[in-house]
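What follows is one structure encoded as structure tokens, with my remarks underneath.
The values are calculated or read from the model by the stated rules, or taken from the named source; none is laboratory data. Since the structure is predicted, the reported quantities are computational estimates derived from the model, not experimental observations. For neighbour counting, all protein chains shown are included, and Cβ atoms are generated from backbone atoms with ideal geometry for every residue, glycine included.
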Amino acid sequence: MTDLGTRTAGRPGALRRAAPALVGYAAVRALGLLTLALWSAARDKSAYTLLTARWDSLWYTRVAELGYGYEVRLPNGDVHSDLAFFPLLPWLERIGAAVTPLSYADAGFLVAVLASLAAAWGVFAVAEHVYGRRAGVCAVLLWAVLPVGIVQSMAYSESLFTALAAWSLYAVLTGRWVTAGALAALAGLTRPVGLAVAAAVWAAAVVAFVRSRCTVGPDGARGPERAPGDGARRALGMLLAPLGAAGYVLWVGHRTGNGPLGYLDVQAGWRNGFDGGVAFARFVAAKFTSFPSALAGVGLIAGVALLVWLYVVCVRQRQPLALLVYAGTVTVLSLCASSYFGSKPRLLMPAFPLLLPLAVALARPRASRSALVVGGVAVASAVYGAFWLNGSGPP
């Protein structure tokens, strides 16, 4: 049943309610950018170039400027094709460059900044809906201070995807099925992991349908569980949810001539795929061949254990099914990819429901104590982000 009374984002003053979270988020990101600028200047590097013109951001801007069709053939036979990159961010970069004096890279940075704020608001809306306003603020701050939080300010697609995913999940929680499906479709045009958003919409819709069919009143008659047309809206939302990802994957298959699964061939050219985590397990095991690298191996195992523990806590706290399905799918797809092991932390960044148990815990102490904890972690995150981007950075 559509719960009109809990549509927080639709009530007057929604922005005012989210303001502390958004201000805190902006402050954390500003600290990260300032630290990056100072660190980069000391190393005679351009912080703005690190944010807009390296790694994946170069592929996105090339697609925005020239369209698809570029590939790099490596000496070992691998083929890196720009078809691996989903189109929504390049489309937005192209629009931004067309209607403003900005370059494609500048437009990508602007999209990232605006999308990160939209993502922060979406995370707040979801967390507030489930656990209350203070937990919502804490959830946003925790998302901001992630060790790889600097990626939220890069011309990458993580912030855009997280914004679409968070608001799609919020729409599911508040019974806005068509909105949820449309946003899920857009998320599917942003990153391959858009499958997780579609899966969340479908899971929640199926459960809602079953509950609406099984509810019986005291006299044996069916209770008034559904608003008029709710079933049709739910079905339309389910229909819309997978269209973005499915449409792009099918288009890539048609373009390459390799059929519906042609996108998998494109990913294989990057030595990327889904192997159930076998390659990642081997990567971790290889760290224990020498003492210094063994410490990294221990850290990786501890990180995976933390993710599993957080997900178990999410289940025990009875998070809504849509959040559990989404977070679980993002986590599995990220950890079980067969390549780019160094990028896994940023691939996990959209799985913000995993932070909700920590947000609830952080919301319990006095505000001054929570602020001290977040402030300390924010400084550490800013320093790590500057060090990371000035080094190898995200692949």
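Scan the range 263-291 and report the pairs whose first residue is of a type in the set (D, E, K, R) and whose second residue is part of a loop (DSSP other than H, G, I, E, B), with Cβ atoms within less than 7 Å and a gap of 6+ or a chain change.
Asp265/Asn258; Arg271/Asp78; Arg271/Ser339; Asp275/Cys336; Asp275/Ser338
For (1) farther than 30 Å from Ala235 by Cβ; (2) modelled with pLDDT of 95 or more, each residue gets a yes or a no:
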site: Arg11; (1), (2): no, no
site: Ala27; (1), (2): yes, yes
site: Leu88; (1), (2): no, yes
site: Trp91; (1), (2): no, yes
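Failed condition for Val72, given (1) of a type outside the set (Gly, Ala, Ser); (2) under 24 Å from Ser392 (Cβ atoms); (3) surrounded by 22 or more Cβ atoms within 10 Å (Cβ to Cβ), with all others met?
In the conditions (1) of a type outside the set (Gly, Ala, Ser); (2) under 24 Å from Ser392 (Cβ atoms); (3) surrounded by 22 or more Cβ atoms within 10 Å (Cβ to Cβ), Val72 misses (3) alone.
Would you list the helices (runs of 4 or more DSSP H) that sit entirely within the range 120-215 and hold 2 or more residues that are of a type in the set (Ser, Thr, Tyr)?
158-173
Considering every residue within the range 226-245, establish whether at least one is under 29 Å from Glu158 (Cα atoms), modelled with pLDDT under 90, in contact with a helix residue (DSSP H, G or I) (Cβ under 8 Å, 6 or more places away or on another chain) and of a type in the set (A, V, I, L, M, F, W, C).
No, every residue in the range 226-245 fails to be under 29 Å from Glu158 (Cα atoms), modelled with pLDDT under 90, in contact with a helix residue (DSSP H, G or I) (Cβ under 8 Å, 6 or more places away or on another chain) and of a type in the set (A, V, I, L, M, F, W, C).
Could you give every pair whose Cβ atoms fall below 7 Å, whose first residue belongs to the range 322-334 and is in contact (Cβ under 8 Å) with a residue 60 or more places away in the chain and aromatic (Phe, Trp, Tyr), and whose second residue is crowded, with 21+ Cβ neighbours inside 10 Å and part of a helix (DSSP H, G or I), counting only separations of at least 6 or pairs across chains?
These pairs meet every condition: Tyr326/Ala165; Tyr326/Leu169; Tyr326/Ala196; Tyr326/Val197; Tyr326/Ala200; Tyr326/Pro353.
Does the range 38-56 contain any residue that is in contact (Cβ under 8 Å) with a residue 40 or more places away in the chain and closer than 17 Å to Val266 by Cβ?
yes
Quick check on this structure: which one of Val330, Val377 is of a type in the set (Val, Ile, Thr), surrounded by fewer than 20 Cβ atoms within 10 Å (Cβ to Cβ) and either modelled with pLDDT under 90 or closer than 30 Å to Arg318 by Cβ (or both)?
Step by step, each of Val330, Val377 is checked, and only Val377 is of a type in the set (Val, Ile, Thr), surrounded by fewer than 20 Cβ atoms within 10 Å (Cβ to Cβ) and either modelled with pLDDT under 90 or closer than 30 Å to Arg318 by Cβ (or both).
Condition first: more than 30 Å from Leu141 (Cα to Cα) and either touching a Cys at 6+ places or on another chain (Cβ under 8 Å) or assigned to a helix (DSSP H, G or I) (or both). Now tell me which residues in the range 93-119 satisfy that.
Answer for the range 93-119, where residues must be more than 30 Å from Leu141 (Cα to Cα) and either touching a Cys at 6+ places or on another chain (Cβ under 8 Å) or assigned to a helix (DSSP H, G or I) (or both): Arg94, Ile95, Ala97, Ala98, Val99.
Check whether at least one residue in the range 268-275 is acidic (Asp, Glu) and part of a helix (DSSP H, G or I), and report yes or no.
The answer is no, given that none of the residues of the range 268-275 is acidic (Asp, Glu) and part of a helix (DSSP H, G or I).
Only one of these is modelled with pLDDT under 90, exposed (fewer than 14 other Cβ atoms within 10 Å of the Cβ), within 29 Å of Thr35 (Cβ to Cβ) and in contact with a helix residue (DSSP H, G or I) (Cβ under 9 Å, 6 or more places away or on another chain): Pro365, Pro292, Pro394. Name it.
Within the list Pro365, Pro292, Pro394, the selection yields Pro365.
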